[in-house]
Amino acid sequence: MSSETFTTAIFLITAIVAAAILVNAFFPVIYSATSTFTESSQNTDERLRTDIKIVNAHTVSNGDSKIWIKNIGSTRIADTEISSSDIYFGIPTDFTYMVYTTEEAPPKGQWTFTIREDAGTPNEYWDSGETLEITLKGDDSQLSIGNYAYFQFVVPNGVSVSTQYTVS
């Protein structure tokens, strides 16, 4: 009888040790997977709540352009995210990547921005309902009157908006 008790105790201790080893082996994997799913879910939520719309675009034949984009989503976008956004501009068959600058009158191939209707005092965010005014200088040799201009704006989280319009 004591041998049966002893055998049962050994099996019980072995089962507890095996369960502890199993938990220690799988807990980091489960924690890592949970962290990945949480981050992915947050990124998707941010993209879903980000929505922008081009309300007007104007380019003259010398390449000077102004584009107005409205933030119609529920996410506010920081100035630093705007300045690290991607802009592609040119004619539909030959457009180029534009570089951000802080100059008021950007040189050829560069762009800058101003947030219009900044509610009250500037808060370094493009809030919902506010309009972003982008000023850029394109290649004037391609942008003649009557040609189409192509513009695409991509925020860092991947949300993009694009348009084609006639140069005047």
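The values are calculated or read from the model by the stated rules, or taken from the named source; none is laboratory data. Note that the coordinates shown come from a computational prediction; the quantities given were computed from them, not determined experimentally. Cβ: placed from backbone, ideal geometry, glycine included. Neighbour counts: every protein chain shown. Keep in mind that these areas ignore ligands, DNA and RNA; they rest on the heavy atoms of the full protein, side chains included. Shrake-Rupley method; radii C 1.70, N 1.55, O 1.52, S 1.80 Å.
Within the stretch 110-134, being farther than 18 Å from GLY73 by Cβ, polar (S, T, N, Q) and either part of a loop (DSSP other than H, G, I, E, B) or open to solvent by less than 30 Å² (accessible area, probe 1.4 Å) (or both) holds for THR112, THR121. Screening the candidates THR8, THR14, THR96, THR34 for the property of being among the β-branched types (Val, Ile, Thr), open to solvent by 60 Å² or more (accessible area, probe 1.4 Å) and at pLDDT below 80 yields one hit, THR34. Of all the residues in the stretch 44-60, those that are of a type in the set (Ser, Thr, Tyr) and open to solvent by 50 Å² or more (accessible area, probe 1.4 Å) number 1.
Given the criteria modelled with pLDDT of 90 or more, surrounded by fewer than 18 Cβ atoms within 10 Å (Cβ to Cβ) and part of a loop (DSSP other than H, G, I, E, B), does SER74 qualify? It is true that SER74 is modelled with pLDDT of 90 or more, surrounded by fewer than 18 Cβ atoms within 10 Å (Cβ to Cβ) and part of a loop (DSSP other than H, G, I, E, B). Could you check the stretch 135-168 and list, in sequence order, the residues that are assigned to a loop (DSSP other than H, G, I, E, B), in contact with a strand residue (DSSP E or B) (Cβ under 8 Å, 6 or more places away or on another chain) and either at negative phi or among the polar types (S, T, N, Q) (or both)? Matches in the stretch 135-168: GLY138, ASP139, GLN142, LEU143, ASN147, VAL155, VAL159, VAL167, SER168.
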